[in-house]
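The structure under discussion appears below in the form of structure tokens.
Read the figures in this text as sums done on the coordinates, not as results from a lab. Because the structure is predicted, anything quoted here is derived from the model rather than measured. All Cβ positions, even for glycine, are placed from backbone atoms using ideal geometry, and neighbour counts span all protein chains on display.
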Amino acid sequence: MATPKRKSSHARTAQKKAHWLGSLSAPSATTCTNCGEAALSHRACPSCGYYRKRKIVEIKEEKKA
Ligand SMILES: [Zn+2]
């Protein structure tokens, strides 16, 4: 198997890392069909616990008090 002739410098590694981190985008958000709150797509709603019109997760209502 071919091996690299030289080790990559710290600057080169940092350049690669900066480019990769810069390519990341914010996760896409949608509105919940049950309560209308903002929720991540393909995830259960954090405020009501519904996913695809069915209740998946019980949400404890102690934060609102
Ligand atoms: Zn919801």
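Taking the C-alpha atoms only, the angle from helix 10-23 to the longest principal axis of the chain is near 30 degrees. Positive contributions from Lys and Arg (+1) and negative ones from Asp and Glu (-1), summed over other residues with Cβ under 15 Å from the Cβ of Cys32, come out at +4.
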